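The values are calculated or read from the model by the stated rules, or taken from the named source; none is laboratory data. Since the structure is predicted, the reported quantities are computational estimates derived from the model, not experimental observations. Glycine gets a Cβ as well: all are built from the backbone with ideal geometry, and neighbour counts include every protein chain shown. SASA here: full protein model, heavy atoms, side chains in, ligands and nucleic acids out. Shrake-Rupley method; radii C 1.70, N 1.55, O 1.52, S 1.80 Å.
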Amino acid sequence: MARDHDDKEDRLVAMRLRIVRKSKGLSQRELARRAGVGSGTISQIESMSLKPSVSVLKRILDGVPMDLATFFSFELAMDQDRVFRRGEHVNIGAPGIKYLLLAAQRPGRNIQMLHEYYEPSTSSGRHVLSHAGEECGIVISGTLEVTIGDEVHVLNAGDGYYFSSSLPHRFRNTGTSVCEVVSACTPPSF
């Protein structure tokens, strides 16, 4: 019984740290640099392979900055929460890209739902992505270039995609206006 409680607490710390880091637009590497901890420390905590001591967690939160009381007291959505208003979505994007994550605060999500906005000439990154699961999306407005493996597709409003996330992939706005996309991924990668 105690082990189940410890596992739940470890999951909550991992989830809270990921939410805080993403909401501040920090990569794992950048937060580790700011906190003065090893480059893999944040990743290990978020993947629950490392349980941080209170002093290490405080040091990491100083890099945000955030105090321990705030970290442990911000409200996480519970399973019974079913509606999430526009202002409650957490932006986990980067400069020029908004990834508004639906129900980021909800523990145990099995689906990652994003409302994405790509400024012209922005992309999901220089490097292709690859992770377990499946993802799909629909372009609401603008133009999105989707690279899946060796294939490159240009999608416009109303077009969509669906593929195994284990295939190397990348997204890029090749248009002259903001590209809006609604996407889903399972299991969640953030």
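Is there a residue in the range 92-103 that is under 23 Å from Pro188 (Cβ atoms) and touching a helix residue (DSSP H, G or I) at 6+ places or on another chain (Cβ under 8 Å)?
yes
Residues of the range 5-36 being in contact with a Pro (Cβ under 9 Å, 6 or more places away or on another chain) and without any contact (Cβ under 8 Å) to a residue 24 or more places away in the chain, which ones?
Hit for the range 5-36 is Lys8, nothing else.
Would you check which residues across the range 21-47 are among the polar types (S, T, N, Q) and either part of a helix (DSSP H, G or I) or modelled with pLDDT of 90 or more (or both) and list them? Let's see the steps before the verdict.
First, pick out the residues of the range 21-47 that are among the polar types (S, T, N, Q): 23, 27-28, 39, 41, 43-44, 47.
Within the range 21-47, Ser23, Gln28, Thr41, Ser43, Gln44 meet the criteria.
Give the number of residues within the range 75-85 that are surrounded by 10 or more Cβ atoms within 10 Å (Cβ to Cβ) and modelled with pLDDT under 70.
2
Please note which strands (runs of 3 or more DSSP E) are completely contained in the range 86-190 and include at least 1 residues that are aliphatic (A, V, I, L, M), closer than 25 Å to Lys24 by Cβ and open to solvent by less than 20 Å² (accessible area, probe 1.4 Å).
97-101, 112-118, 179-186
Might you check whether a residue that is farther than 26 Å from Lys98 by Cβ and of a type in the set (D, E, K, R) occurs anywhere in the range 60-76?
Yes - at least one qualifying residue is present in the range 60-76.
What do you reckon, is Ser177 of a type in the set (Ser, Thr, Tyr) and at pLDDT below 95? Before the answer, list the steps.
Working: of a type in the set (Ser, Thr, Tyr): yes; at pLDDT below 95: no.
Considered against the rule, which asks whether it is of a type in the set (Ser, Thr, Tyr) and at pLDDT below 95, Ser177 comes out as no.
Residues are listed down the side, and each one gets a yes or a no for (1) touching a residue at least 40 places away in the same chain (Cβ under 8 Å); (2) at negative phi:
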| site | (1), (2) |
| --- | --- |
| Glu134 | yes, yes |
| Leu144 | no, yes |
| Gly149 | no, no |
| Val154 | no, yes |
| Ser183 | yes, yes |
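Does Ile60 fit the bill of being part of a helix (DSSP H, G or I), at pLDDT 90 or above and open to solvent by less than 30 Å² (accessible area, probe 1.4 Å)?
Details: part of a helix (DSSP H, G or I): yes; at pLDDT 90 or above: yes; open to solvent by less than 30 Å² (accessible area, probe 1.4 Å): yes.
Criteria met by Ile60.
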